[in-house]
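Some notes on the structure that comes next.
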Amino acid sequence: MKSPLLSLPGAVAAEGRDEGVAAHYGDLFREQRALADGNGLVDLSHRGVVTVTGADRLAWLHLLLTQHVSDLPAGQATEALILSAHGHIEHALYLVDDGESVWAHVEPGTLEALIGYLESMKFFYQVEVADRTEEFAVVHLPAGSIAQAPDGVVVRETPHGRDLFLPRADLESYAAENGPVAGILAYEALRIETHRPRLGFETDHRTIPHELGWIGSAVHLEKGCYRGQETVARVHNLGKPPRRLVFLHLDGSEVLLPGPGTPIRLASEGAEGRQLGFVTTSARHHELGPIALALVKRNVPVDAELLAGDTAAAQEPVVEP
């Protein structure tokens with residue numbers, strides 16, 4: 001869905017998975033600094049919104065999700081995954097229960113498949129699943145923001161800020177009162193800085209939660225069975241994931257950022273060396289300069305200097321080998 005905030009002065013439309021909102025509003029670093037200081041907001045209205053209502057909603061979701069949600073207190077935010085039978089990540093949900101319904105926002109383009117799966121698993125449970133994307137827009141307020149959520153708006157509060165499920169009709173007026181509005185590139189730079197993975201960016205068709213550090217935050221290791229749970233338990237108890245997420249400090253002298261899929265190699269082997277992984281997301285940060293997240297093979301030494309394409313990169317482990 002195309003956001004009305006794309007009509008604001010300086011707005012440059014995002015492309016790819018984030019199409020529909022602004023990449024930036026003319027000053028990427030100013031927008032980042034504002035968010036880092038707890039000011040402004042981010043338009044995430046392109047994300048899908050789903051609600052699950054009914055007396056059995058928490059017990060039912062508990063059977064399907066990787067997170068322990070059967071006793072989720074009203075107002076407490078959490079995140080959860082849906083895995084394939086082989087333990088590969090298929091969906092990521094960012095949840096909160098308001099006492100009557102579970103609200104979740106999900107990656108653009110994933111909601112139809114998610115709702116299809118949820119509908120297929122209802123059986124005799126007293127639950128109703130609804131696509132609320134046309135009615136509600138997700139707005140992110142950064143940590144430290146003093147902006148108020150309007151009365152009746154569901155809020156999902158995390159250490160990184162608050163996600164508001166705002167009536168879509170109120171998006172323009174709320175942004176005018178609580179701006180400045182920052183683009184998705186500023187939001188992404190801060191996400192990369194804090195090593196937070198994103199479905200469809202840090203994941204591919206064979207990603208398991210252990211590779212991205214989602215154990216704990218999105219995967220509860222002591223809850224009951226769910227699809228893919230055997231893989232999660234086996235890797236946790238008996239082995240190590242084949243890949244691990246790393247944070248990269250990139251050489252700032254390069255003009256272009258290495259894009260998603262750029263091969264990662266050992267610097268000692270040069271640009272013709274063996275490929276050991278790939279860049280998942282990169283950005284220009286207002287303080288750190290060019291940065292990225294990447295997936296590399298588990299046995300890559302943690303102190304090894306790397307190359308992202310032709311760009312020198314120093315790594316910080318996010319997931320320990």
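The values are calculated or read from the model by the stated rules, or taken from the named source; none is laboratory data. None of the values given here were measured: they were computed from a predicted structure. For neighbour counting, all protein chains shown are included, and Cβ atoms are generated from backbone atoms with ideal geometry for every residue, glycine included. To get the accessible areas, we keep the full protein, side chains included, count just its heavy atoms, and leave off ligands, DNA and RNA. Shrake-Rupley method; radii C 1.70, N 1.55, O 1.52, S 1.80 Å.
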Given the candidates 5, 307, 180, the one whose Cα lies deepest towards the positive end of the charge dipole of the chain, counting +1 at each Lys or Arg C-beta and -1 at each Asp or Glu C-beta, is 307
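Charges at C-beta only: +1 for Lys and Arg, -1 for Asp and Glu. How large is the resulting dipole of region 242-301 about its Cα centre, in Debye rounded to 20?
On the way: 7 positive and 5 negative charges, 80 e Å.
With Lys and Arg at +1 and Asp and Glu at -1, about 380 debye.
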Once Lys and Arg get +1 and Asp and Glu get -1 on their Cβ, which of 137, 44, 192 lies farthest toward the positive end of the dipole of the chain? 192
Please calculate how many Å² of accessible area the chain carries per residue, with a 1.4 Å probe and no DNA, RNA or ligand atoms counted. 44
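For residue 304 and residue 236, what does the FRET efficiency come to when R0 = 25 Å and r is the distance between their Cβ atoms, rounded to the nearest 0.05? Could the numbers behind the result be given before it?
Details: r = 26 Å, r/R0 = 1.03.
Using R0 = 25 Å, I get an efficiency of 0.45.
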Given the C-alpha centroids of region 167-224 and region 89-110, what is the distance between them in whole angstrom? 12
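Let's see if you can work this out: charge +1 on each Lys and Arg Cβ, -1 on each Asp and Glu Cβ, no other charges. What is the dipole magnitude of region 66-115 about its Cα centre, in debye to the nearest 20?
140
Can you give the Rg/Rh ratio of the chain, where Rg is from the C-alpha atoms and Rh is the Kirkwood radius?
On the way: Rg = 20.0 Å, Rh = 20.5 Å.
With Rh from the inverse mean 1/r over Cα pairs, Rg/Rh is 0.97.
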Taking the Cα centre of region 192-321 as origin, sum charge times position over the Cβ atoms of Lys and Arg (+1) and Asp and Glu (-1), and report the length of that vector in debye to the nearest 20. 660
Can you tell which of 67, 150, 116 lies farthest toward the positive end of the dipole of region 44-159, using +1 and -1 charges on the Cβ of basic and acidic side chains (Lys, Arg; Asp, Glu)? 67
Pull up the cross-link candidates among the lysines for residue 223, meaning alpha carbon to alpha carbon under 30 Å and not fewer than 8 places away within one chain. 122, 240, 297
Share of pairwise Cα separations in region 1-65, more than 12 Å, in percent: 75
Using 1/(1 + (r/R0)^6) with R0 = 41 angstrom and r between the beta carbons of residue 320 and residue 123, what's the FRET efficiency to the nearest 0.05? 0.55
If you roll a 1.4 Å probe over the chain with all protein chains in place, what percent of the accessible area is carbon or sulfur? 51
With no solvent and one point per C-alpha, what does the Debye sum give as log10 I(q)/I(0) for region 55-208 at q = 0.14, 0.20 Å⁻¹? -0.77, -1.51
Would you please put 41-48, 270-277, 3-10 in order of how densely packed they are, using the mean number of other Cβ atoms within 10 angstrom per residue and starting with the highest? 41-48, 3-10, 270-277
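How much net charge surrounds residue 192 when only other residues with a Cβ under 11 Å from its Cβ are counted (Lys, Arg +1; Asp, Glu -1)?
On the way: positive: 191, 196, 198, 284; negative: 188, 193, 202.
With Lys, Arg at +1 and Asp, Glu at -1, the net is +1.
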Whole-percent pair-distance distribution, where bins are 10 Å wide, for the alpha carbons of region 34-117: 16, 46, 29, 9, 0
